[in-house]
Amino acid sequence: MGKWAFVALVVAVLLGSSGIASAQDKPLICDQQFALCTSASCVPSPGNPKVALCTCDVWDTKGGTIGVASCDAIKPSTDANGWRTVYSYFALTQSYQGKRVMKCAAGTPWAECLNAKCTVDPANPSKAICACETMFQTGEWVTWAGNCNTQSCSKGFLNGTTLAAVSPGIDILTKDLNLKKSPVNYCSPGDAR
């Protein structure tokens, strides 16, 4: 199956049920396979401006992830046709890999992937396409994507969140993993291009 045929099939499956949880839900730590979208690039979903399709990494975990839906509700599964479904969690993984958090200016669109429903690519099981919520914020937002190039905030379509939403997750995982300090680093103003 070609890449675009896979994407078209994923669009059809994911648009039926986005799996996106409410931001009011309490954070939960889950130990199961998940999609990591902290630095994902996205495209608007054809015909549905409220959904963004984001390419995320698939990870197996033993702790260190956080979501906002019950772990049973977002448990990975495989359907009768062999399509594998996972959900997007937040993890500090990409901070350990050296990616830094970039602040993006108000008024630029971004995608929110936390707890999004994702279909694993059968041709590349380390990747998944996730149906994320399209956001249009009036305030500043942050992302691990963009490599500190703030021009990518307005020229791309990236997964992100607000600083107010991500800070508690960073604190919860830092405590859960018994870290003396958070591994999260932010881009400096001098990094902007």
Cβ-Cβ under 9 Å pairs, at least 6 apart or on other chains, the stretch 161-180 side on the phi > 0 side of the Ramachandran plot and open to solvent by 60 Å² or more (accessible area, probe 1.4 Å), far side at pLDDT below 85 and hydroxyl-bearing (Ser, Thr, Tyr): none
For the stretch 80-91, does any single residue satisfy the condition of being touching an Asp or Glu at 6+ places or on another chain (Cβ under 9 Å) and open to solvent by less than 10 Å² (accessible area, probe 1.4 Å)? no
What's the total number of residues in the stretch 110-131 that are open to solvent by less than 40 Å² (accessible area, probe 1.4 Å) and farther than 25 Å from Ser70 by Cβ? 2
Residue that is modelled with the lowest pLDDT [pool: residues in the stretch 148-160 that are open to solvent by less than 50 Å² (accessible area, probe 1.4 Å) and part of a loop (DSSP other than H, G, I, E, B)]: Gly156
Might you check whether a residue that is over 19 Å from Ser182 (Cβ atoms), out of contact with any Ser or Thr (no Cβ under 7 Å at 6 or more places or on another chain) and outside any strand (DSSP E or B) occurs anywhere in the stretch 95-104? no
Of all residues in the stretch 80-127, which are out of contact with any strand residue (DSSP E or B) (no Cβ under 9 Å at 6 or more places or on another chain) and of a type in the set (Phe, Trp, Tyr)? Tyr96
Residues within the stretch 40-64 that are among the hydroxyl-bearing types (Ser, Thr, Tyr), in contact (Cβ under 8 Å) with a residue 60 or more places away in the chain and either part of a loop (DSSP other than H, G, I, E, B) or open to solvent by less than 30 Å² (accessible area, probe 1.4 Å) (or both), tallied: 1
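Here's the yes/no breakdown for (1) closer than 30 Å to Arg84 by Cα; (2) β-branched (Val, Ile, Thr):
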{"residue": "Ala123", "(1), (2)": "yes, no"}
{"residue": "Met135", "(1), (2)": "yes, no"}
{"residue": "Gly139", "(1), (2)": "no, no"}
{"residue": "Ser152", "(1), (2)": "no, no"}
{"residue": "Lys155", "(1), (2)": "no, no"}
{"residue": "Asn159", "(1), (2)": "yes, no"}
{"residue": "Ile170", "(1), (2)": "yes, yes"}
{"residue": "Lys175", "(1), (2)": "no, no"}
{"residue": "Lys180", "(1), (2)": "no, no"}
Find the residue count for the stretch 75-91, including only residues that are under 19 Å from Ser126 (Cβ atoms) and either among the charged types (D, E, K, R) or assigned to a loop (DSSP other than H, G, I, E, B) (or both). 4
Scan the stretch 110-146 residue by residue and report those that are assigned to a loop (DSSP other than H, G, I, E, B) and without any contact (Cβ under 8 Å) to a residue 40 or more places away in the chain. Gln137, Thr138, Gly139, Glu140
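The values are calculated or read from the model by the stated rules, or taken from the named source; none is laboratory data. These numbers come from a predicted model, not from an experiment. Glycine gets a Cβ as well: all are built from the backbone with ideal geometry, and neighbour counts include every protein chain shown. Calculation scope for accessible area: heavy atoms of the full protein, side chains included, ligands and nucleic acids excluded. Shrake-Rupley method; radii C 1.70, N 1.55, O 1.52, S 1.80 Å.
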